[in-house]
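The values are calculated or read from the model by the stated rules, or taken from the named source; none is laboratory data. Keep in mind that this is a model prediction, so the values were computed, not measured. Methodologically, a virtual Cβ is constructed for each residue, glycine included, from the backbone with ideal geometry; neighbour enumeration extends over all protein chains shown. Ligands, DNA and RNA are excluded from the accessible area calculation, which covers all protein heavy atoms including side chains. Shrake-Rupley method; radii C 1.70, N 1.55, O 1.52, S 1.80 Å.
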Amino acid sequence: MKTGTGKLAIDGGKPARCKPLPPNYPGALMMGEEEASRAAEVIRARSPFRFYGPDVRGTGFELEEMMEKTLGMPYVLGVTSGTAALMVAMKALGIGYGDKVVCPAVTFLATATAIVCCNAVPVFADVDDSLNMDAKDLERVVDDEVRAIIVVPIVGVPVNMDPIMEFASRRNIAVIEDVAQSCGVRYKGRYAGTIGDVGTYSFQMNKILTAGEGGAVATRRLDVFDRAIRFHDQGLVRAGFRERYGITSTDDTAAFAGQNYRMSEITAAVLAEQWRKMPALLASTRANYDRLRDGLRAQIPSIVFRGSPDPAGDIGCTLGIVLPSAEAAQRFNAATAAENIGTFLLYGGKPVFTNPCFMHKRSADRGPFPWDFPFKNPVEYRVGMCPTAENLTPRTTFLPVSHSLTNADVAEIVDGLAKVWRGLEIG
Ligand SMILES: *Cc1c(COP(=O)(O)O)cnc(C)c1O
């Protein structure tokens, strides 16, 4: 029988699959007895706080050490969320009122809102065909009021880091890698999050690994790590960190007003077990991604996939397909939903700066703070300022790729998408 043909489910035909795709919670779906027993150990010890209690297990330090080993980074700090990690990273770099920070036009709200909550002003750079930051746009958006660049490997594809690092070091600007969505992505063999000055991780429910909530900061710079520890814990460095990392700064000269973004031992216990499962999780996700991509290419020779600056480093948690128009993408997603395949647009197909909080320059503070700083070049946002992002986001559809797909699932997805492609006469 010829595959990838037949009446579309949206027109009353038989759906390609009889049930929806597995939900997009890879880490949570991998949870088992390992996480349960480690969390129970913390609770039985009645010591859910990492710095004191009747019988502290030291699970926070264990997680940080595992991450340091895998990532090849000297300093990792567990925090409460990916947003907290961004705040800690920026405050560790000394960013605040009067500073500008560049972030990509395509990212989750948190990257840009964290900049505002640090009292700095976001500046948006356009993306390339990978939907990640395009170094070529930095010349246009960076002036001498920019203190940092945050890059974001969006849903599993690396950022083209070489030209960004080259630009940043030439201009003496810090680079933060927000790898919330892409733990395990590599660029030229190096893990995303280990290339810039600071890498930030999220362990929220939708991310690759999860404890429901959680995050981490990684850096090679002891000066940044010292300030990160202090900002995440009310300006202090506790004895545990001092001993472990040989930190000698004194509160008298180095303490400042910080916050509480400390990770709990229960979160760390769950994440230590999730971290152990990462290689297996990533290997099966990537294998399914390759089979889906190869299958789709064979069935739909004209298909265009989202670009990647280093396809070997993709983790493969989603497969981006570029459609000819926004209208075609809408029709495609409606039709795939009916087939129980469920492709989707990222963030409603809108670049992040089009959110009202940026367009209207609203923080939680009074008036136009922090945009009211007397910058030499005031920052303005307008539709049309990042044309590639505005062109690609409404017409790039994403297929979630689960580690748990069977051969039969892969075949059904490929056939179903080919059927929709032909039925809608796309490309
Ligand atoms: C999810 C996410 C964050 C925020 O992580 P939380 O743990 O939810 O605070 C930051 N940046 C990106 C790109 C994300 O996808």
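General remarks:
- Each peptide in 264-270, 174-180, 66-72 was scored by the mean count of other Cβ atoms within 10 Å over its residues; highest first, the order is 174-180, 264-270, 66-72.
- Within the listed set E273, E139, E41, the residue fluctuating most in the Gaussian network model of the chain (springs between alpha-carbon atoms under 10 angstrom) is E139.
- Taking 0.36 nm per residue of sequence separation and removing the Cα-Cα distance, the N172/D372 pair yields an extension gain of 69.5 nm.
- Calculated FRET efficiency for the pair D294/V383, C-beta based, R₀ 41 Å, to 0.05: 0.60
- Rounded, prolate or oblate (a/c below 1.5 giving rounded, otherwise prolate when a/b exceeds b/c) for segment 1-101 by Cα gyration tensor: oblate
- Relative to one another, the C-alpha centroids of segment 60-119 and segment 219-295 are positioned 10 Å apart.
- Summary value for segment 78-194: 23 percent relative contact order, contacts being C-alpha pairs under 8 angstrom separated by 6+ residues.
- For Y187, distant residues with modelled amide H under 5 Å away: A192
- Percentage relative contact order, segment 228-386, counting C-alpha pairs under 8 Å, at least six apart: 12
- Here the convex hull built on the C-alpha positions of segment 359-427 has a volume of 180 cubic angstrom per residue.
- Between V79 and G215, A216, V217, the built amide H atoms are under 5 Å apart, and every one of these is 5 or more places off in sequence or on another chain.
- Normalised by the number of residues in segment 303-406, the mean separation of alpha-carbon contacts (under 8 Å, six or more apart) gives a relative contact order of 45 percent.
- Under the Karplus curve 6.51 cos²θ - 1.76 cosθ + 1.60, θ = phi - 60°, whole-Hz ³J(HN,Hα) for segment 60-66, x wherever Gly or Pro sits: x, 5, 4, 4, 4, 5, 4
- Cα-based Kirkwood hydrodynamic radius, segment 1-51, one decimal, Å: 15.6
- Estimated inter-spin distance, N391 and N407, nm [label 7 Å along Cα→Cβ]: 4.2
- Percent carbon-and-sulfur accessible area, segment 27-104, ignoring ligands, DNA and RNA, probe 1.4 Å: 55
- Alpha-carbon Debye profile of segment 95-178, log10 I(q)/I(0) at 0.12, 0.15 Å⁻¹: -0.29, -0.46
- q = 0.13 Å⁻¹, segment 149-243: log10 I(q)/I(0) [Debye, one scatterer per Cα]: -0.50
- Two-decimal Rg to Rh for the chain - Kirkwood Rh, Cα set: 0.99
- Considering only G384, G156, G27, the Gaussian network model of the chain with Cα springs below 10 Å gives its largest mean-square fluctuation to G384.
- Using θ = phi - 60° and Karplus 6.51 cos²θ - 1.76 cosθ + 1.60, couplings along segment 406-419 (whole Hz; Gly, Pro as x): 8, 4, 5, 4, 4, 5, 5, 5, 4, 4, x, 5, 5, 4
- For segment 80-85, 3J(HN,Hα) computed residue by residue from phi via the Karplus equation (6.51, -1.76, 1.60; θ = phi - 60°) reads 7, 6, x, 5, 4, 4 Hz, glycine and proline entered as x.
- Cross-link check: pairs K207/K350; K19/K188; K91/K376; K14/K207 evaluated at a Cα-Cα cut-off of 31 Å; pairs beyond the cut-off: K19/K188; K14/K207.
- Acute angle (nearest 10 degrees) that the helix 222-232 long axis makes with the longest principal axis of the chain, alpha-carbon atoms: 90
- For the chain, adding -39500 (n - 2.57) for each run of n ≥ 4 DSSP H residues and dividing by the number of residues yields -11500 deg cm²/dmol at 222 nm.
- Rounded FRET efficiency, nearest 0.05, which uses the C-beta distance separating R190 from D55 and R0 of 22 Å: 0.05
- Rg/Rg_ref, segment 180-331, where Rg_ref = 2.2 N^0.38 Å and atoms are Cα: 1.37
- Solvent-accessible area per residue for segment 81-223 (1.4 angstrom probe, square angstrom): 28
- Taking 0.36 nm per residue of sequence separation and removing the Cα-Cα distance, the E34/T253 pair yields an extension gain of 74.5 nm.
- Cut-off under 5 Å, modelled amide H: who pairs with F305 long-range: V322
- Centre-to-centre separation between the Cα atoms of segment 182-201 and those of segment 342-398: 25 Å.
- Overall form of segment 240-295 per C-alpha gyration tensor (a/c, 1.5; a/b vs b/c): prolate
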